[in-house]
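Have a look at the structure below, then the notes.
Just so it is clear, none of the values below were taken in a lab; they were calculated from the coordinates. In this text, all values refer to a predicted model and were calculated from it rather than measured experimentally. FYI the Cβ positions are ideal-geometry reconstructions off the backbone, even for glycines, and counts take in every protein chain you see.
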Amino acid sequence: MSNGTWLILGPGALGRLLAAHLSGHVPLAVIGRQASEQPFMQSTPEGGSRIRYVPRITVEQAPERPRMVHLTTKTYAANEALEHLAQRIADDTPIVLWQNGFQIQEPITRRWRGPVLCATTSEGAYTVGSDSVVHAGHGHTYIGHLDGRYYDLAEHVATTLTVADLSTEPCHDIRRRLWHKLAVNAAINPLVSRYRILNGQLRDRPFRPMVDAIIDDLVTLMAAEGIDAPDIGWPRQVWNVIEATANNRASMLQDVIAGRPTERDAILGPLIDAAKRHRIDTPALTALYQNTPG
Ligand SMILES: NC(=O)C1=CN([C@@H]2O[C@H](COP(=O)(O)OP(=O)(O)OC[C@H]3O[C@@H](n4cnc5c(N)ncnc54)[C@H](OP(=O)(O)O)[C@@H]3O)[C@@H](O)[C@H]2O)C=CC1
Ligand SMILES: CC(C)(CO)C(=O)C(=O)O
């Protein structure tokens, strides 16, 4: 494995999707808990399929000077995975964090010596078995540094991903974009996972007023936190995503059904913390947190 390689740490849905697309564009390896000789199989949203041979290695086989690391574990696994890899690679290696929510982005950005970029994506993917990924729907990705630094690096990563057919743009306001995604996820994921429904069912009773109550909490909280509202306003932002993903089984629902931990703390945790910080009563969000498994 040569220096200059792009490493993807976490061979799950997003990791496999990135690997399948970046294969052939950059020197690449995927780090998992175990090495594997198997290729990745990708189903495309258009119904096609691709096979991609990408080196699948363990941390111990990683090059000491990779070009960058894309961290694609779930939030709750991110610190441990990165700490393990950090024992092996140069501590100024650029990192791209792909996690939803806003839990690990700030601490890792502050403590890692090299550049840390955050990505937020509306691509949709899920795994099948240990080698396949279904790319369920095309989306768009934004990449940037929390303080707006390293724009050239963000531009380079975005251009490479876009050439590899994953539409991506660099941005100066990734913090705002991460909070926007978090807010939408908070309005959808905990409810659909609790009631085991498709996203679109939130449009019907008894769920619709529950979503509206969450949006009310979000509006107050986001204003207090200084996060600009989307141009179309919070209610339309949330309801548009529900409409556009009506047939989705949301990621948190998939986790609950599979008996996996959820990303509750990454998505609802920052909102509950902000409510405490600003001394704002957010009854709908508090109830959601209490009723969602971690
Ligand atoms: N899937 C999607 O469409 C989207 C996902 N995201 C975000 O991306 C992140 C990843 O999601 P997703 O790909 O769906 O999650 P997955 O659970 O499918 O993938 C995570 C992968 O990381 C692996 N992993 C965990 N810890 C380690 C470790 N220490 N060393 C090596 N591998 C490790 C897991 O292995 P194991 O199973 O053995 O633990 C698993 O293969 C999440 O934060 C999610 O919110 C954002 C937008 C879209
Ligand atoms: C927007 C939403 C809720 C779409 O399903 C999503 O991002 C998820 O499933 O986590």
Test result for residue 247, of a type outside the set (A, V, I, L, M), within 11 Å of ligand 2 (Cβ to nearest atom) and without any contact (Cβ under 8 Å) to a residue 24 or more places away in the chain:
no
Scanning the range 123-140 for residues that are under 18 Å from residue 163 (Cα atoms) and more than 9 Å from ligand 1 (Cβ to nearest atom) gives 138, 140
Of those in the range 113-126 that are away from ligand 2 (no atom under 14 Å from the Cβ) and touching a residue at least 24 places away in the same chain (Cβ under 8 Å), the residue surrounded by the fewest Cβ atoms within 10 Å (Cβ to Cβ) is 114
Scanning the range 69-112 residue by residue, those in contact with a Gly (Cβ under 9 Å, 6 or more places away or on another chain) and part of a helix (DSSP H, G or I) turn out to be 75, 76, 77, 78, 81
The condition of being within 22 Å of residue 78 (Cα to Cα), more than 15 Å from ligand 2 (Cβ to nearest atom) and β-branched (Val, Ile, Thr) holds, among 267, 272, only for 272
